[in-house]
1. Using only protein heavy atoms and a 1.4 angstrom probe, determine the accessible area buried between B and A, summed over both sides, in Å² to the nearest 100.
2. For the stretch A:329-406, what percent of Cα pairs sit more than 16 Å apart?
3. Given the rule -39500 (n - 2.57) for each run of at least 4 DSSP H residues, summed and divided by the residues of chain B, what is its mean residue ellipticity at 222 nm, to the nearest 500 deg cm²/dmol?
4. Which shape class applies to the stretch A:79-222: rounded if a/c is under 1.5, otherwise prolate when a/b exceeds b/c and oblate if not, where a ≥ b ≥ c are the square roots of the Cα gyration tensor eigenvalues?
5. Using the Cα gyration tensor of chain B, with a ≥ b ≥ c the square roots of its eigenvalues, what is the shape: rounded (a/c below 1.5), prolate (a/b larger than b/c) or oblate (neither)?
6. In the stretch B:84-102, which residues become less accessible by 20 Å² or more once every protein chain is in place, relative to the chain on its own, using a 1.4 Å probe?
7. Let's see if you can work this out: charge +1 on each Lys and Arg Cβ, -1 on each Asp and Glu Cβ, no other charges. What is the dipole magnitude of the protein assembly as shown about its Cα centre, in debye to the nearest 20?
8. Which whole-Hz ³J(HN,Hα) couplings does the stretch A:387-397 yield from phi under the Karplus relation 6.51 cos²θ - 1.76 cosθ + 1.60, θ = phi - 60°, glycine and proline marked x?
Amino acid sequence: MERLGETPATRQAVVSNGQVPFDALNRQNGRQLDKAVDRSGTVLVVVGDGEERRQLAKALKDQGCELLFAADGQAALRVARSRQPNLIILDISRPGEDGFEVCAALRDDEQSRHIPVILLARGFGPEEKMRGLRLGAVDYIGEPFDWAEVAAQAGSQLKLERLRRDLEAANLNLMNRQAQHQADLTAAAGIQKSLLPPYWAEQFEGVSVAWKFLPMDQVGGDLLGYRWLDEDHLAAYVIDVCGHGLPAAMLTAAISISLTPTIANGGEGTSVRQCEGFSPRQVLETLDRAYPLERFERPFTISYLVLNRKTGEFRCSRAGHPMPIIIRKGGKLESIEAGGTIIGLGRMLPFDESVGRLNCGDSIILYSDGITDWTNESTTFGIKGLRRVLEECWGIAPEIICERVIARLDKSNNRTAMHDDVTMLALTYGSGLDRSMKKSASSVPIEYTS
Amino acid sequence: MRLEEQLYGDALVVKLLDSRFDASAAPFVKERIGDLISNGHYRIALDISEVEFIDSSGLSAAVWALKRLGSEGELVIGGARGTVMSLFRLTQLDKVFRIFPDNETAVAALRR
């Protein structure tokens with residue numbers, strides 16, 4: 001925050017975040033406050049003496065106020081309830097009535113308690129003043145009465161009252177807009193959900209797939225998917241768009257559609273179906289061309305894999321994304337390093353891809369950094385935490401692998417708030433996988449929230 | 001996010017003074033660097049030695065600055081610490097940026 005009174009000449013070395021300095025804010029607010037210089041409103045006058053009432057009425061009318069009158073407490077309550085004045089000026093020294101009781105009654109009544117009350121008092125001391133203020137009066141004016149001054153005090157209260165009403169209206173407006181925004185988010189979450197695979201887990205001839213998608217907000221900046229490129233080749237991917245919430249979610253939708261093999265090759269060449277030999281490297285290059293940083297101002301990372309379900313051969317590449325992990329027999333883990341940098345830089349770095357082969361029972365795990373960055377106060381789950389879980393997961397169905405990883409996250413964090421979208425996809429090659437839940441963790445997995 | 005700017009000949013060092021280079025700091029850093037580039041600074045060293053935490057937004061801001069400078073300018077990184085450096089490596093941005101251990105080496109590289 002810039003210090004007040006600092007002249008531009010002294011600001012050379014340090015530039016701070018763009019927060020508006022106080023003096024500029026005050027100038028801005030002052031202009032708005034000056035607009036409310038209007039000190040008028042509807043005032044209920046409860047003053048016993050005729051001459052005093054006339055003088056007060058004149059002073060208030062000079063200020064532009066509209067006036068209501070009541071002769072006693074009962075009438076005051078009645079008028080306050082039905083006409084809803086903006087202010088009540090109550091003379092509590094009127095004979096024949098306990099003015100404090102009238103004040104109390106006005107504050108007690110649901111329909112009048114929000115109306116500010118100024119007390120006029122004659123011959124009372126400081127104790128009575130305290131009593132009046134404690135009863136909820138906003139002001140307490142003693143003798144001698146300067147009616148112009150009383151009217152001015154009334155004007156200030158009216159101004160305050162108007163500001164309070166404006167604030168309430170603004171709040172209500174804000175709440176309505178918030179509700180609308182919430183509804184929009186819910187709708188967006190629905191759309192994003194429809195972009196996800198229809199089933200949590202699927203078993204095909206030669207390969208099984210399962211996934212978890214747990215966005216930190218209603219909508220996520222991550223996305224995942226898998227698609228059959230042809231009879232034998234399954235493509236799978238996990239995307240992580242920079243940021244969270246609605247803007248990031250919109251971009252995930254665009255990318256997801258780019259990765260749909262059935263979309264015909266448009267002018268920008270975004271169809272992956274056209275990629276020869278189903279090369280992940282070419283897919284990433286295509287995306288890098290289609291999503292330059294200048295276009296959406298958000299880079300994204302992606303892991304992209306193509307698996308041949310007949311032979312177990314796979315090709316895999318990643319763009320700045322956490323390295324996919326292969327689980328081999330005996331719990332041996334391999335990280336797939338091949339790839340390039342984040343999407344959007346326009347070929348600043350070439351993409352390469354890894355080629356390999358899975359054996360029956362081997363799995364590949366794609367995931368986003370929401371899992372490895374998962375932290376409680378003292379420890380981060382990390383790649384070590386993930387590897388520890390995966391080491392026990394050879395030959396196991398992918399849905400159980402996912403359950404175990406998520407359950408472990410849940411344990412390590414005691415269900416405190418997530419810091420990032422949690423996304424993973426597991427593919428296991430082969431048939432006859434262990435689908436029993438015997439070895440799985442006993443804690444309940446996190447509920448799918450959207 | 002507070003920034004400290006210092007000129008060494010035609011090399012400008014922009015030092016990030018706060019420890020989190022994240023979604024709340026990134027827009028301001030981007031805007032400021034954008035202004036500096038518009039004002040004719042084309043050789044910039046981003047000193048992130050005080051940064052303890054960087055996320056995709058921070059990286060995105062750095063990358064944006066690099067692209068903005070394009071071939072007519074240069075952006076180098078100085079003082080990437082442990083976890084920050086890990087993220088550059090994970091995203092392979094360590095192959096995109098020239099990263100130096102400290103301010104001095106970064107400036108020297110710019111002035112060469």
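The values are calculated or read from the model by the stated rules, or taken from the named source; none is laboratory data. Since we're looking at a predicted model, the values are computed, not measured. Glycine gets a Cβ as well: all are built from the backbone with ideal geometry, and neighbour counts include every protein chain shown. In case anyone asks, the SASA skips ligands and DNA or RNA and just uses the protein heavy atoms, side chains included. Shrake-Rupley method; radii C 1.70, N 1.55, O 1.52, S 1.80 Å.
1. On the way: alone 5810 and 23120 Å², together 27020 Å².
Roughly 1900 Å².
2. Working: 1840 of 3003 pairs.
I get 61 percent for the Cα pairs in the stretch A:329-406 exceeding 16 Å.
3. Estimated from H runs of four or more residues: -12000 deg cm²/dmol.
4. Prolate shape, in that a/c is at least 1.5 and a/b is the bigger ratio.
5. rounded
6. Listed in order, they are B:Leu90, B:Thr91, B:Gln92, B:Leu93, B:Lys95, B:Val96.
7. Around 920 debye, computed over the protein assembly as shown.
8. 4, 4, 6, 5, 4, 9, 10, 6, x, 9, 4
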